[in-house]
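Shown next, in structure tokens, is the structure this report addresses.
The values are calculated or read from the model by the stated rules, or taken from the named source; none is laboratory data. None of the values given here were measured: they were computed from a predicted structure. Glycine gets a Cβ as well: all are built from the backbone with ideal geometry, and neighbour counts include every protein chain shown. What goes into the accessible areas is simple: the full protein's heavy atoms, side chains included, and nothing from ligands, DNA or RNA. Shrake-Rupley method; radii C 1.70, N 1.55, O 1.52, S 1.80 Å.
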Amino acid sequence: MKIGLIDADGHNFPNIPLMKISAYHKTRGDQVEWYNPIISGHVDRVYMSKVFSFTPDYDLPIYADQIIKGGSGYCIEKVGGKEEYNAAADRQLPEEIEHIYPDYSLYPELTKDTAFGFLTRGCPRGCDFCHVAKKEGRCSVKVADLSEFWKDQKKICLCDPNIMACKDWKELFDQLIASKAIIDFNQGIDVRLATREKIEGLNQMRIRRIHLAWDKPEDHLEEYFERFSKYYKRKNESGKVVYVLTNFNSTIKEDLYRIYTLRSLKFDPYIMIYDKEKADETHKRMARWVNNRIIWRSCERFEDYK
Ligand code: SF4
């Protein structure tokens, strides 16, 4: 078979399902390539994937007997400012593809020394602005062993929504520690579930920058961040980054409270703007002030940032 692949989001982050689909078809002896209507011509099947619902769909002609679309970008829609999940549009990979070692050669630069994957899926929290609980369930469950997508790469990028909530966290942490790879939890650690024991597990991993999250102003997480600081041991104090969601049910005053509190606790906030397209100038300015580390370190107060 001749298989065409389309990563509708662009090629800035490796699309994990497409890498698995590619690996599966290559093991069957099929020809797999990035789809281009001029170069590829007619193919047997095209797989299109997108992670983000705001990504515009692929708009060039597709010459294929079959087109299969999948990914959160096709089953999550923003309705009235909230993310809605359309189960009918959600396509799961068959088991024999889901658990195959990804074909990293699709993204040679991005995956040169980094493995990408999920050890767990699901999250018990069910935040309004997030589709994970609706799509993957309100329980964090182990879905893979590390060896499924990692073979001695120097770095591991984990996309798990909430590994701290998984009952098998210890087994998974042991796999990550044994890998001796540099670990990036790129979705943010749930600081409420970061018990002393789990933090001591993190201490045994090679982590350059840890990502945590403080998304909702009504969650008073000060004591959890204090606990985290107390037990999380690194040579360098910097490197603790906290995603701060703004422009979703929070006032600027509430945003600044989280930002200043995190600064006082020696964390670096990172502003996430919920709806970038509709965000006003104040939110954009706040993001520039916080997210540019040179500005953040040289200017303590938002009102002083010109
Ligand atoms: S804690 Fe994170 S992953 Fe879980 S529902 Fe909230 S935003 Fe989503």
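Label separation (TYR101 vs ARG293): 3.4 nm, computed from points 7 Å beyond Cα along the C-beta direction. On the principal axes of its alpha-carbon atoms, the range 154-306 has extents of 47, 30, 29 Å, going from largest to smallest.
Out of all DSSP beta bridges in the chain, what portion is antiparallel? Express it as a percent rounded to 5. Kindly include the intermediate steps, with their values, before the conclusion.
Numbers: 6 of 41 bridges.
Counting DSSP beta bridges with both partners in the chain, the antiparallel share is about 15 percent.
To check you understand DSSP bridge types, tell me what percent of the beta bridges within the range 1-107 (both residues inside) are antiparallel, rounded to 5. Looking only at bridges with both residues in the range 1-107, the antiparallel portion is about 20 percent.
In whole percent, how big is the carbon plus sulfur part of the accessible area of the range 196-246, probe 1.4 Å, protein atoms only?
41 percent
Shown for the chain: cysteine residues without a partner Cβ closer than 4.7 Å, namely CYS75, CYS123, CYS139, CYS157, CYS159, CYS166, CYS299.
Protein heavy-atom surface of the range 22-86, 1.4 angstrom probe: 53% of the accessible area is carbon and sulfur, with nucleic acids and ligands not counted. The accessible-area ordering, largest first, of the residues GLU277, GLU171 stands as GLU277, GLU171, per a 1.4 angstrom probe. If r is the Cβ-Cβ distance from LYS233 to LYS167 and R0 is 30 Å, what FRET efficiency results, to the nearest 0.05? Efficiency computed from Cβ-Cβ geometry: 0.75. In this structure the range 1-107 gives 52 Å² per residue of accessible area when probed at 1.4 Å with all protein chains present.
A simple spin-label model places pseudo-atoms 7 Å from Cα toward Cβ; at ILE68 and THR27 they are separated by 1.4 nm. Relative to its residue count, the chain spans a Cα convex hull of 149 Å³ per residue. Heavy-atom accessible surface of SER264, to the nearest 10 Å², is about 90 Å², with a 1.4 Å probe and all protein chains retained.
For PHE116, the amide hydrogen comes within under 5 Å of the amide hydrogens of CYS157, counting only partners 5 or more places away or on other chains and with H modelled in the peptide plane.
Compare ASP113, ASP59, ASP103 by solvent-accessible area with a 1.4 Å probe and give them largest first, with all protein chains kept in place. Show your work: numbers first, answer last.
Details: ASP113 45, ASP59 135, ASP103 20 Å².
Listed by decreasing accessible area, they come as ASP59, ASP113, ASP103.
Of the trypsin sites (Lys or Arg not before Pro) found in the range 2-82, the ones in coil according to DSSP and having at most 10 other Cβ atoms within 10 Å of their Cβ are ARG28.
Of LYS155/LYS180; LYS151/LYS180; LYS142/LYS216; LYS198/LYS240, which ones are farther than 19 Å apart at the Cα? Walk me through the intermediate numbers first.
On the way: LYS155/LYS180 9 Å; LYS151/LYS180 12 Å; LYS142/LYS216 26 Å; LYS198/LYS240 16 Å.
In this structure, LYS142/LYS216 exceed 19 Å between Cα atoms.
Note on surface exposure: PHE13, PHE248 rank PHE13, PHE248 by accessible area, highest first, 1.4 Å probe.
Spin-label pair LYS151-ASP44: with each label point 7 Å from Cα along the Cα-Cβ axis, the two points sit 2.4 nm from one another.
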